[in-house]
Amino acid sequence: MAEPLKQMYNQHFLETFAARVKAVHDSFDEKSFVEEVMDNRWEEMELKARTRRIAETLGSFLPTAFPNALAVLYKVDREGLKYLFIPDFVEVYGQAAEDWEEAVEGLKRFTPYSSSEFAIRSFILKEPKKMMSIMKEWALDEDEHVRRLASEGCRPRLPWGQSLPVFKKDPSLVLEILELLKADPSLYVRKSVANNLNDISKDHPDTVLEIAKRWKSEGNGFTDWIVRRGCRTLVKQANPYALALFGYSDMIVGEPLIDGAFIQVDPSEVHIGGASTLRFGFRVIAKESVTLRIEYAIDFVKARGKTGKKAFLLSDKTFRAGAVVDAERTHRFEDLSTRRHYAGVHLIRLVVNGVEVASTTLNLMENN
C-alpha cells in the first residue's frame, strides 16, 4: 500500500527545511520550530492540516513584519510541491491591506516551485475584481506556471480548494481569462483551462455550450482539445446538444434515427446486494451510419425517499444503417463506498445520445 501523502511532512523533512531557513536567517530557532510543528496533534493531522500547521508555525519564528518574512522565504522556496506551505504562509499572514500587493506578488513568485492555486483563492474572495485584473495580466506572462495560475486559481470548483461562489453565480470574469488562454501552447495550461471550463459547465451549461461552439469554429487544434475536455461533464451527462457538437448523431433535430427501443429487467424485484439483468435494444432506421452513445440511467432512491440519477455507459460507437441492437448487462445493487442503496421503486431508463427512448422499473427490497 502506498504511503499516505501526508507522510512527506515528517521530522526529517522539517529538520532539513529548518536548517535551510537557519542558513539564511540566523535567528531562526530550528529545534523549537520542529517541536512546535510536531505537537501532540501532529500524527492525527491529514495533509491539508499539516500544511496549514507548518505555515502558521512559521509565523511565530520568522520576522514579524510580513515583507521581512517574505524576504526570508524567497531564499528557500525552490523545492517543488513539498513547499506548498509557503504559499499557504502568504495566505495566512499576507491579508493586511498594507501587505496585499507584496503578498500577491509573492504568490506569483512561489507558484513555479510549488503552486499558489489554493492560497490565491482567499485573495480573490476578498477582492474579486482587483485580483482578477491582476490574473488577466498573469495570463499573458511568459512563464507557463504563472499562466496556469491565472486559470487554475479562479476555478469555481477547484478540488481541495475553497469554493468561489461569486464565480459559480457569474463566471464572466473567469471567462475573460480563459479567452486569453484558449490557444495556449502549453499543455499544462490547456489542461487547467479545460478543467475550469468544465467547472463552469456544472452551473452554466448553456454558456459553456455557446463558448464551445464558438471556439470550435475557430479551427485551432489546441482550442478544440480544450473544448472537448472542458465539455466532458456535459457529454457524460448525455447533454444532447453537447453530444451533437462532438459528432454524435442528433436525436432531436431531423428524422428519427432509431425505433423499437426497449429496456427490461429480470428479475424486476431484487434485494439490496443482489443483481438484475438488463436487456436493451433498438433498430437503427437512419439512412446512413450513426454515432450513438448508449447509456442506462437509474433513479436511485435516497435515504429520505428522494431520488438521484446515475448513468452507466453501455456503448459508444458508430452503427450502420439497419443495425439491430439486442444486448444484456448485469447490474449489481451492492453498497459501495460512494453509494448506499435504499429500498424502493427504481426507475431505469435507456438513453441514446441524451434522449430517453425507453424505461422500466425495478423494486429494490431490504434484506430480511
Residue exposure sequence - M365, M132, M45 - by fewest surrounding Cβ within 10 Å: M365, M45, M132
FRET E, pair Q11, A275, Förster distance 41 Å, beta-carbon r, rounded to 0.05: 0.25
Net charge of neighbours whose Cβ lies under 14 Å from the Cβ of P159, counting Lys and Arg as +1 and Asp and Glu as -1: +3
Relative contact order for segment 258-365, counting Cα pairs under 8 Å that sit 6 or more residues apart, in percent: 36
Inter-site label distance for V253 and L125 at 7 Å from Cα along Cβ, in nm: 4.3
Folded to 0 to 90 degrees: helix 172-181 orientation relative to the chain principal axis, Cα: 90
Sparse-neighbour loop sites [trypsin sites (Lys or Arg not before Pro); segment 1-83; at most 16 other C-beta within 10 Å; DSSP]: R41, K75, R78
DSSP loop GluC sites (Glu not before Pro) with at most 14 other Cβ within 10 Å: longest gap in the chain: 143-217
Label-point gap, in nm, between R78 and A323 - each point 7 angstrom along Cα→Cβ: 5.6
Environment charge at A343 (Cβ cut-off 15 Å; Lys +1, Arg +1, Asp -1, Glu -1): 0
Computed label-point distance, nm, for sites E366 and D316 using a 7 Å Cα→Cβ extension: 3.9
Calculated from backbone phi, Karplus (6.51, -1.76, 1.60) coupling profile of segment 35-49 in Hz, x at Gly/Pro: 5, 6, 5, 8, 6, 6, 9, 4, 4, 7, 6, 8, 4, 5, 5
Segment 85-125, relative contact order [Cα under 8 Å, separation at least 6], %: 48
Ranking of T233, T361, T338 by count of other Cβ atoms within 10 Å, fewest first: T338, T361, T233
Scattering curve values for segment 125-192, log₁₀ I(q)/I(0), Debye with Cα scatterers, q = 0.14, 0.25, 0.28 Å⁻¹: -0.37, -1.14, -1.35
Cα-only radius of gyration and Dmax that characterise the chain, units Å: 26.3, 81
Relative contact order (%) - segment 5-245, alpha-carbon pairs under 8 angstrom, separation at least six: 11
Cα-centre dipole for the chain with unit charges at Cβ (Lys and Arg positive, Asp and Glu negative), debye to 20: 1080
Efficiency of FRET between R339 and K31 - r from beta-carbon atoms, R0 45 angstrom, step 0.05: 0.35
Segment 1-89: chymotrypsin sites (Phe, Trp or Tyr not before Pro) in DSSP loop, at most 15 other beta carbons within 10 Å: Y74
Under-5 Å amide H pairs with I258, H placed in peptide plane, nonlocal only: I285
In order through segment 141-149: 3J(HN,Hα) via Karplus (6.51 cos²θ - 1.76 cosθ + 1.60), integer Hz, x for Gly, Pro: 5, 6, 8, 4, 5, 6, 4, 5, 4
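Every number in this text was worked out from the coordinates using simple rules, so none of it is lab data. Keep in mind it's a predicted model, so treat the numbers as computed, not measured. Virtual Cβ from ideal backbone geometry, glycine too; neighbours counted across all protein chains shown.
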